[in-house]
1. Once you put a point 7 Å from the Cα of residue 89 and another 7 Å from the Cα of residue 164, both along the Cβ direction, what distance in nm separates them?
2. Test of understanding: ordering 141, 63 by Cβ neighbours within 10 Å, fewest first, what list do you get?
3. Over the stretch 144-236, what relative contact order in percent results from Cα pairs under 8 Å that are six or more residues apart?
4. Before rounding to the nearest 500, sum -39500 (n - 2.57) across all DSSP H runs of length at least 4 in the chain and divide by the residue total; then give [θ] at 222 nm in deg cm²/dmol.
5. I need the per residue convex hull volume for the stretch 144-236, using only the alpha carbons, in cubic angstrom as a whole number.
6. So if we plug the beta-carbon distance of residue 223 and residue 78 into 1/(1 + (r/R0)^6) with R0 = 45 Å, what FRET efficiency do we get, rounded to 0.05?
7. Using a Cα-Cα cut-off of under 25 Å, which lysines could be cross-linked to residue 39, ignoring same-chain neighbours fewer than 8 residues away?
8. In degrees between 0 and 90, to the nearest 10, how far off the longest principal axis of the chain does helix 189-198 point, with axes built from Cα atoms?
Amino acid sequence: MTENHTEFTGAGSETDPLTFTVRLPAPDAVDVAIGGLAKTAKDYAAAFSRNADLSSNLPADVRQIVSGASDAITSTLQTAYSARVKADNFRNDLSLYPQGREMLANEATKTAVDAVAESFAKADDQLQVASAVTYEAARPRISPNEAMPARADLAMITKRHGNSLGTLVDALRGLAQRSDAVGALVADQGYLGDFLTAQGIDPDMREAILTAVSHEVVKAASLSGDPARAAAARTNLALTELRKARVAANSFTRLILQR
């Protein structure tokens, strides 16, 4: 840490008295950068709260899951910061032997590292569950009597594109924006996954297509006239902000506990 510098002007005489000025040290660039990560994590978490629909249109159990994920992420910031302050206080406590100071500081840091890891694990589990349940609540449904005709229509539509993967993907993304029977069929990730496998799409590309199609499904659902579907879709889209908050919080906690 940079020390304060005291400067003076004047000759020290009655007519030209000394004037003292204390120059504060410049902020440590690394500390500023680490603090910026904490602010970024909080900003992303705030963006999630603004963009998600946590009203009664979303089931209470789903609201609890997504709110729990947000709280688990943001709680790591205070856990890590408090541990760093505690560790620094131990290291600066001259009433303790040097070995004891370092041992207590390391214990405080390790406890925080374990607590942060547990919070992130909890957040990851809840994010995964929240993503799945909000998608299922947002996607359109197909009735049993509509299933067979919808499958025939899907086969007919996609057959036009032959072996062109790009045009097939474009067609599926377009269908995903519909709320009719064919759109509901495409929105069913299980069925669409089997359909792509039957088309000979390799697993990595299949997962990429499923992700692209599901994004179109929730974008369309967010504009739905069905309040429950729209709330689930908006919350699903807002989870992106929580994932960004998790990345920033992870960087902050890792760096501040290593400083």
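Quick note: the coordinates plus some simple rules give every number you see, no bench work behind them. As the structure is a prediction and not an experimental result, all values here were calculated from the model. So basically every Cβ, Gly included, is an ideal-geometry build from the backbone, and we count neighbours across all protein chains shown.
1. Taking the simple label geometry, residue 89 and residue 164 are separated by 6.8 nm.
2. Sorted ascending by nearby Cβ count, the order is 141, 63.
3. Values: 73 pairs, mean separation 21.3, N = 93.
Relative contact order comes out at 23 percent.
4. Values: 9 runs with 192 residues, N = 259.
One gets -26000 deg cm²/dmol as the mean residue ellipticity at 222 nm.
5. Cα convex hull per residue, to the nearest whole number: 93 Å³.
6. The computed FRET efficiency comes out at 0.75.
7. Partners within reach: 86, 110, 122, 244.
8. 70 degrees
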